[in-house]
Amino acid sequence: MDRIVITGGSPLHGTIPIYGAKNSALKLQAAALLSGDPLILENMPDLADTRFMAQLLASLGVEITWIKETRTLRMHAAEIASTIAPYDQVRKMRASFNVLGPLLARVGHATVSLPGGCAIGARPVDLHLKAFEAMGADIVIEQGYVKAAALRGLKGAEIEFPFVSVGATEHAMLAAVLAQGDTVLKNVAREPEIADLADCLNAMGARVEGAGTSEIRIKGVTSLKGAKHPVVADRIEAGTYALAAATAGGDVLLSGARAEHLGALIEVMKAAGVEVISEARGLRIKRDVGKRLKAVDFETEPFPGFPTDLQAQTMAMLCFADGQSRIRETIFENRFMHAPELARLGAQIAVHGNEAVVTGVERLIGAPVMATDLRASVSLVIAGLAAEGDTIVNRVYHLDRGFEGLEGKLSACGARIVRQKEEQA
């Protein structure tokens, strides 16, 4: 098993390219099932999760071609060879559950395992299934599998979600584009990835309006065609490297990052004393290492609020701030698992339910730490960049699910960071 060793204390200087959004790419991959023509995705992130999804699609009959040099993925679902997504594949990653809607819409039936994935609370798929039932699907859950059928086709419906859910919004969109009649989705998520999915579906011939607002309207069509679509830049990757540069200090350009997707984070970073400059090529992050960061309070919210997927990384930055910061996590329970590991470096963090109080310290000292999930693992890397001595992050397979070439990108900017096999230790 790999681990990452960071020798802290080196400011970051240089350019970090931001690749396509993992959270968008996975749903765009599922969209390939909706058409018998090829779907070509550009600016595609090459990650453990996107490779898992490609393997699952291949098992369903999709012809997959990765062109690594141009970051392009070609998917051709001329025929659906199987409508069963087994536990061994779906358990590796929650987003693979999103093949259910496209299979149901195109073929009329599907059997998909209930998902596994991130350790951040229950995250049930009830909202997904209720949306499909509203469109006329019959659904039974047996032995850990969802068996869904709409043999006469899905029908348009008006669906109001009881709370905002990115996953349920995207999955309902994937099914509704081939439903008969009109579908109205209310109280939907507004994330940039929703708009990216809508843009791709519309390029394939779908009729989706309102993505990015709280109501999406979809006029069903009988079939979709192939398309070429660039995956939107990953705002979570961009935000993570922005926080790395802010924590370590220095001057870093995040090439391809979009300020309009990171408004809430930029506010928090500026309040903490970090310089954030929007440029034609992306976002520039600057902080003088001689000036201490300031404490900031924030809470996670659905977009355009502060992203839960950047909470852990921001906590790492605030460990070094002057004063006391309060962080409220309102999206997922059980998402402060990184706090005890940061404490191993000397951070002072008190967790009470869904609130964490971070009392900043002048320095952290490197130590062995354990990654518990994707975002937690990268928060430990960020803390290690500014800690004294060596920080050893174990279980970095979590990291590989969401960050492509992290050590290379950081070391190119001056970080002292290496990946080791356990036997090298």
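Please indicate, with yes or no, whether at least one residue in segment 165-174 is in contact (Cβ under 8 Å) with a residue 12 or more places away in the chain and open to solvent by 30 Å² or more (accessible area, probe 1.4 Å). Checked against the condition, which is being in contact (Cβ under 8 Å) with a residue 12 or more places away in the chain and open to solvent by 30 Å² or more (accessible area, probe 1.4 Å), segment 165-174 yields at least one hit. If you go through segment 138-148 and pick out every residue that is open to solvent by 30 Å² or more (accessible area, probe 1.4 Å) and either among the aliphatic types (A, V, I, L, M) or not in a strand (DSSP E or B) (or both), you end up with 5. Considering segment 335-353, and only residues there that are of a type in the set (A, V, I, L, M) and in a loop (DSSP other than H, G, I, E, B), the residue that is nearest to the chain's Cα centre (by Cα) turns out to be Met337.
Count of segment 370-403 residues, restricted to those that are buried (at least 24 other Cβ atoms within 10 Å of the Cβ) and assigned to a strand (DSSP E or B), is 2.
For segment 160-189, a residue qualifies if it is in contact with a Gly (Cβ under 7 Å, 6 or more places away or on another chain) and either of a type in the set (D, E, K, R) or in a strand (DSSP E or B) (or both), and the qualifying residues are Gln180, Asp182, Thr183.
Residues that are open to solvent by 20 Å² or more (accessible area, probe 1.4 Å) and of a type in the set (Val, Ile, Thr), at least 1 per element: which helices (runs of 4 or more DSSP H) completely within segment 1-120 meet that? Where helices (runs of 4 or more DSSP H) fall fully within segment 1-120 and carry at least 1 residues being open to solvent by 20 Å² or more (accessible area, probe 1.4 Å) and of a type in the set (Val, Ile, Thr), they are 100-107.
Among (1) crowded, with 19+ Cβ neighbours inside 10 Å; (2) outside any loop (DSSP other than H, G, I, E, B); (3) at pLDDT 95 or above, there is one condition Phe320 misses while meeting the rest; what is its number? It fails just one condition, (2).
Looking only at segment 283-314, which residues are free of Cβ contacts under 8 Å to residues at least 40 places away in the same chain, buried (at least 21 other Cβ atoms within 10 Å of the Cβ) and assigned to a loop (DSSP other than H, G, I, E, B)? Answer for segment 283-314, where residues must be free of Cβ contacts under 8 Å to residues at least 40 places away in the same chain, buried (at least 21 other Cβ atoms within 10 Å of the Cβ) and assigned to a loop (DSSP other than H, G, I, E, B): just Val296. Within segment 355-369, does at least one residue satisfy the condition of being surrounded by fewer than 22 Cβ atoms within 10 Å (Cβ to Cβ), of a type in the set (Asp, Glu), assigned to a loop (DSSP other than H, G, I, E, B) and within 21 Å of the chain's Cα centre (by Cα)? Within segment 355-369, none of the residues are surrounded by fewer than 22 Cβ atoms within 10 Å (Cβ to Cβ), of a type in the set (Asp, Glu), assigned to a loop (DSSP other than H, G, I, E, B) and within 21 Å of the chain's Cα centre (by Cα). Summed over segment 333-354, residues that are surrounded by fewer than 17 Cβ atoms within 10 Å (Cβ to Cβ) and either among the β-branched types (Val, Ile, Thr) or touching a strand residue (DSSP E or B) at 6+ places or on another chain (Cβ under 9 Å) (or both) total 4.
The values are calculated or read from the model by the stated rules, or taken from the named source; none is laboratory data. Everything numeric in this text was worked out from a predicted model, so none of it was measured. Glycine also receives a Cβ, built like all others from the backbone with ideal geometry; neighbour counts cover every protein chain displayed. When the accessible area is computed, the model is the full protein with side chains, heavy atoms only, and any ligands, DNA or RNA have been set aside. Shrake-Rupley method; radii C 1.70, N 1.55, O 1.52, S 1.80 Å.
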